[in-house]
1. Looking only at region 106-125, decide whether some residue is under 15 Å from ASP68 (Cβ atoms) and out of contact with any strand residue (DSSP E or B) (no Cβ under 8 Å at 6 or more places or on another chain).
2. Only one residue in THR137, THR170 is within 20 Å of ALA186 (Cα to Cα), touching a residue at least 60 places away in the same chain (Cβ under 8 Å) and not in a loop (DSSP other than H, G, I, E, B), so which one is that?
3. Taking VAL169 as the residue in question, decide whether it is among the hydrophobic types (A, V, I, L, M, F, W, C), touching a helix residue (DSSP H, G or I) at 6+ places or on another chain (Cβ under 6 Å) and surrounded by fewer than 20 Cβ atoms within 10 Å (Cβ to Cβ).
4. Confirm whether ILE189 is at pLDDT 90 or above and of a type outside the set (Lys, Arg).
5. What residue, of LYS120, LYS80, LYS125, is exposed (fewer than 13 other Cβ atoms within 10 Å of the Cβ) and in contact (Cβ under 8 Å) with a residue 12 or more places away in the chain?
6. So in region 83-100, with the set limited to residues that are among the basic types (Lys, Arg) and closer than 19 Å to GLU190 by Cα, which one is least open to solvent (accessible area, probe 1.4 Å)?
7. On the given criteria, is LEU108 within 30 Å of ARG198 (Cβ to Cβ), in contact (Cβ under 8 Å) with a residue 24 or more places away in the chain and either buried (at least 17 other Cβ atoms within 10 Å of the Cβ) or among the hydroxyl-bearing types (Ser, Thr, Tyr) (or both)?
8. Does GLN54 meet the test of being open to solvent by 90 Å² or more (accessible area, probe 1.4 Å) and within 22 Å of LYS130 (Cα to Cα)?
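The values are calculated or read from the model by the stated rules, or taken from the named source; none is laboratory data. None of these values were measured; they are calculated from a predicted model. Note that each Cβ is placed from the backbone with ideal geometry, even for glycine, and that neighbours are counted across all protein chains shown. Heavy atoms of the whole protein, side chains included, go into the accessibility calculation; ligands, DNA and RNA do not. Shrake-Rupley method; radii C 1.70, N 1.55, O 1.52, S 1.80 Å.
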Amino acid sequence: MSQSQKPTTDELRQRTKEEARQLLAEGGPEQVKARVLAVRLGISVGSIYNLFGQLDELLFLVNADVYDELLAVIEEAIAKTGEKAEPIDRVLALCRAYLRFVTANQGLWSGVLAFNRRNKPSVPKWYREKERSLLGTAAAVLNDVPGPASPAEKELAARATWAAIHGIVTISVGPQGLLATEKDIAAQIELVARAIVRALESGEPWNKG
């Protein structure tokens, strides 16, 4: 692009999202400020608001991209297990892919979670659907587990699996990095995943409260 050629609105939106993502990774949502973005992009503060309305709108879009990237990593990992893989292998592939993604994007993931906590009461419907697509992947994997478990029990197991993965990883990733070794985190996740799959296979009355 020549110096005299102005970027299009779509190009400016994309560049703004990229800068916001970097700021989010560096210092969390509080670091994403219109004046900082304006300086980095060489545009006015007013231009930032013309592009996105509010900074939260911008951050929802940034986080949605992160969700899409995480989902793609998980789906690829599951696909690589092959058609003949056992259900537990697919579940573990999902868990390990989640951990790899977060380990590789610790600052960014911490920023995403901090923003989610701050905006929990006002999450748009389309953003919730992004989150549900991740849960849906876990549900699809657990649906293949053989045994007498009902669809409702498998759905509950999917929620438990996702909550366990997310919880273990989240408490293991602090502002300064991993609070435990990646090997230890993986072992915790695998322990929970195997227990849930065994419960589905056994048919024991684990959901009869």
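1. Here is the first cut: in region 106-125, the residues under 15 Å from ASP68 (Cβ atoms) are 108-109, 112.
If we keep only those that are out of contact with any strand residue (DSSP E or B) (no Cβ under 8 Å at 6 or more places or on another chain) too, we end up with 108, 112.
Looking through region 106-125, at least one residue is under 15 Å from ASP68 (Cβ atoms) and out of contact with any strand residue (DSSP E or B) (no Cβ under 8 Å at 6 or more places or on another chain).
2. Step by step, each of THR137, THR170 is checked, and only THR137 is within 20 Å of ALA186 (Cα to Cα), touching a residue at least 60 places away in the same chain (Cβ under 8 Å) and not in a loop (DSSP other than H, G, I, E, B).
3. no
4. Details: at pLDDT 90 or above: yes; of a type outside the set (Lys, Arg): yes.
Yes; evaluated as a whole, the condition is true for this residue.
5. On the way: LYS120 fails: in contact (Cβ under 8 Å) with a residue 12 or more places away in the chain; LYS125 fails: in contact (Cβ under 8 Å) with a residue 12 or more places away in the chain.
Only one candidate passes the filter, namely LYS80.
6. Looking only at region 83-100, we keep the residues that are among the basic types (Lys, Arg), and these are 84, 90, 96, 100.
Still in the running and closer than 19 Å to GLU190 by Cα: 90, 96, 100.
Working: ARG90: 43, ARG96: 110, ARG100: 122 Å².
This residue is ARG90.
7. So LEU108 fails the test.
8. yes
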